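See below for the structure under consideration.
Just so you know, all these numbers are worked out from the coordinates, no wet-lab data involved. Keep in mind the model is a prediction, meaning the values are calculated, not measured. Backbone-built Cβ (ideal geometry, glycine too); neighbour counts: all protein chains shown.
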Amino acid sequence: MEDELLLMLPGPVPLPERVRGVMARQAINHRGAEFGSAYADIARVLKGLFGTKNNPLVISGSGTAGMEAAVSNLGKGRRTAHLINGKFGERMYTIGQKYASEACPIKSEWGAPLDLEKLKSVLEDGCEVVTMVHNETSAGILNPAGEVGKICRKHDALFIMDGVTSIGGDMVLADEWGVDAAVVGSQKCLAAPAGLAAVTVSDRAWDRIVENPPYYLDLPAYRKNAAKDPMETPFTPAVPLFLALREACLIIEEEGIDNRIARHRRMAGAVQKAVKAWGLDMFPKTDSLHQYSNTVTAACLPAGTNDKDFRGTVKKLGIQIAGGQDHLKDKIFRIGHMGAVSAPELLAALAATEFAVKKSGHQVKESGVMTAAEDLG
C-alpha cells in the first residue's frame, strides 16, 4: 500500500502478499489434520535451513522465547559460558544468569571478534554449556559457529547457537558444526510475521536435558507433541502465525535454499560496496574467522551526524532503516537486507540513504547506488 513504509531493518521484514493473505481466514482446529500438515511443512523446510536431521520444534513466542527455551532446558543448574560481542550476546548472558549455577560472560567490544582463547580457558575450568549469537545484528558481524562448535566438542560442552538472523538467509550447518541447540525467529530471514520461534536439539543434548524444565518452554513436551500424527504443540499455538510461517517456508522451498543464500550474499556485497563508495567505514572488525553479516550491514554514521535526523531523512522517503542500539546510538546505522527483499527494494533503500549521507554534509566519493546496481543487475 502507498502509505506503508518499506522496512529495511534487521527484522521485522516486509511480508510477501502470499504470507499476508493466508492469515485472513477462518480459524481452524489446532488439534486437527490441517494444522498438523502446516506444522509438517514448516518442519520439513526448516530442517534444511538449520542444516540438521532433527525436527524443529515451533514455539508461539518471539526469538527470545526460543533462546530462553534452549538455555533453560540445557543450562539450568549448570555452569554456562556466554560469548558476547553485541546486544543479543548480552541477552543470552542475561538469560543464563536466571538459570545457570554460574554464568560466565566472555566479552568483546561490540562488533569485535570473539575471545575464543578465553572460551577454551573457561571450558577447561569446567563450564558445561556455551552460548553464541551466530549473526549479531546489533553490530553487523557474523561469528564463527563452526570454530566454536569444534571447541565445545573438544571439551564435551553443549553448544547453543542463536541463529535468529542467519537461518534462512545464510549458510547454517548445525549438525556439521556441532550445534546442540539452534534457534530461529519467524520475522527475520524467513519473512514471516513476528511471534514464532523454532528450536532444534541434537541427540546428545536430548540426553542432557535438565530435570524440571520450565512449564511453557518444556522442550521434551514440544518434542512429544510434534511426534504425534497429526503434529501438534503442547499448548494452544498462534494458528494464524503458523499458517503464515508455512506459506513463507513454501516460498523459500520454491526459491531454493542455495539460491536464497546467494541472493542474500549479493545484497550484502552490494550494500558493503555502497558504503565504501560513500566514503564511510564499516563498523565491525573482521578477521579470518569473523565476517561481515550477510543479512544486515552496520556502517559508521558520517562524523557529527545525529542519528534521529539521519534516519528521519530516510523515513521521509518512505523507507525505514535502523540506528545503533544502546551505546552505539548516534554512532552507526544499519540496513537490513534479509527475507524476501531483492534488488528493487535494496536500491530504493540505498538511494534514500545516499541522500541522507549527502544531506549530512558528508562528501560522497561516488554514487553507492550505481555501484550497488552493477552487482545487483
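Some observations on this one:
- Options 307, 287; residue that is in contact with a Gly (Cβ under 6 Å, 6 or more places away or on another chain) and surrounded by fewer than 21 Cβ atoms within 10 Å (Cβ to Cβ): 307
- Odd one out for residue 366, checked against (1) buried (at least 21 other Cβ atoms within 10 Å of the Cβ); (2) outside any helix (DSSP H, G or I); (3) not aliphatic (A, V, I, L, M): (1)
- Cross-chain or 6+ apart pairs with Cβ under 8 Å, the range 140-155 first and farther than 12 Å from residue 116 by Cβ and touching a residue at least 12 places away in the same chain (Cβ under 8 Å), then crowded, with 22+ Cβ neighbours inside 10 Å and among the basic types (Lys, Arg): 140/334
- In the set (1) in a loop (DSSP other than H, G, I, E, B); (2) surrounded by fewer than 24 Cβ atoms within 10 Å (Cβ to Cβ), residue 104 fails one condition alone, (1).
- In summary, residue 262 fulfils each of the numbered conditions (1) outside any helix (DSSP H, G or I); (2) out of contact with any Asp or Glu (no Cβ under 8 Å at 6 or more places or on another chain); (3) among the hydrophobic types (A, V, I, L, M, F, W, C) with the single exception of condition (1).
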